[in-house]
Amino acid sequence: MSEANAITVDVVSDVVCPWCFIGQKRLDKAVAAAGDVDVHIRWRPFQLDPTIPPQGKDRREYMLAKFGSDERIREIHARIEPLGEAEGISFAFDAIRVAPNTLDAHRLIRWAGAAGEAVQNRLVRRLFQLNFEEGANIGDHAVLVEAAREAGMDASVVATLLPTDADVEAVRTEIATASRMGISGVPCFLLEGKYAVMGAQDADTLADAIRQVAAAKARGELDKVG
């Protein structure tokens, strides 16, 4: 495919955000529906709650402190579950025992990006699955190392890097940059670094945006988009 018909979509997301998981599934559909547009996806970090300690928090206690009651939590989950089911996601909220700090997961996603787009996409999908469908603690280094191995990364290198401060500041800087750009919620799909689609929009909306930006790029009119 020609470079003129290729666009980059930067997805700003957090792997503990259920809407981001739904957004990932809808983006897959949108890419498939976008015809001959060559879409390159890059995952960018965002933390819904950077104040969670490295060891995580008890999720039930965390959710109660945030939403006030079990009834309110059930209402929130009940609203999200059928939307996930429509996208092939089996949300298992009750299986999630730990609300993790996702900084290390984002470091891993960054390293996966250096290994290639396909590797990064596999890793992000696996982290979503682990957290939301299997109730795994994605703040746990052993869980992250195994996810890296499954995605095709060098697990021994990951196991060596995770206990260090490697790329901690780089990830925090990226998160701060997203904030300065006005991104206060996720997912956010940034097309060609210029046109933002906020929230877990349906696949048709995303596909239309992808086609529009690709067409504008091909005409040399991208600065006029949005």
**Item:** Members of the stretch 86-132 found to be open to solvent by 50 Å² or more (accessible area, probe 1.4 Å) and touching an Asp or Glu at 6+ places or on another chain (Cβ under 6 Å), listed by number
**Value:** Ser90, Arg110
**Prompt:** Which one of these does Ala147 not meet: (1) touching a residue at least 60 places away in the same chain (Cβ under 8 Å); (2) within 17 Å of Pro100 (Cα to Cα)?
**Reply:** (1)
**Prompt:** Taking Ile89 and the conditions (1) in a helix (DSSP H, G or I); (2) in contact (Cβ under 8 Å) with a residue 24 or more places away in the chain, which numbered condition does it fall short on, given that it satisfies the others?
**Reply:** (1)
**Fill in**
The one condition Ile138 fails out of (1) part of a helix (DSSP H, G or I); (2) open to solvent by less than 20 Å² (accessible area, probe 1.4 Å); (3) farther than 24 Å from Thr8 by Cβ is (1)
**Request:** Restricting attention to the stretch 159-174, report how many residues are touching a residue at least 24 places away in the same chain (Cβ under 8 Å) and either surrounded by fewer than 12 Cβ atoms within 10 Å (Cβ to Cβ) or more than 20 Å from Asp14 (Cα to Cα) (or both).
**Result:** 1
**Request:** Would you be able to say whether some residue in the stretch 205-217 is of a type in the set (Gly, Ala, Ser) and in contact with a Lys or Arg (Cβ under 8 Å, 6 or more places away or on another chain)?
**Result:** yes
**Message:** Quick check on the stretch 56-85: of everything there that is within 23 Å of the chain's Cα centre (by Cα) and open to solvent by 80 Å² or more (accessible area, probe 1.4 Å), which residue is nearest to Ile138 (Cα to Cα)?
**Reply:** Lys57
**Message:** When the residues of the stretch 2-41 are narrowed to those that are among the small types (Gly, Ala, Ser) and not in a loop (DSSP other than H, G, I, E, B), which ends up surrounded by the fewest Cβ atoms within 10 Å (Cβ to Cβ)?
**Reply:** Ala32
**Prompt:** Looking at (1) modelled with pLDDT under 95; (2) at positive phi, can you tell me which one Gly56 breaks?
**Reply:** (1)
**Complete:** Of the conditions (1) modelled with pLDDT of 95 or more; (2) open to solvent by 70 Å² or more (accessible area, probe 1.4 Å); (3) among the polar types (S, T, N, Q), the single one that Ser184 does not satisfy is (1)
**Request:** Search the stretch 143-156 for residues being over 18 Å from the mean Cα position of the chain (by Cα) and open to solvent by 70 Å² or more (accessible area, probe 1.4 Å), and hand back the single one that is nearest to Phe128 (Cα to Cα).
**Result:** Glu146
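The values are calculated or read from the model by the stated rules, or taken from the named source; none is laboratory data. Nothing here was measured: the structure is a model prediction, and the numbers come from that model. So basically every Cβ, Gly included, is an ideal-geometry build from the backbone, and we count neighbours across all protein chains shown. Ligands, DNA and RNA are excluded from the accessible area calculation, which covers all protein heavy atoms including side chains. Shrake-Rupley method; radii C 1.70, N 1.55, O 1.52, S 1.80 Å.
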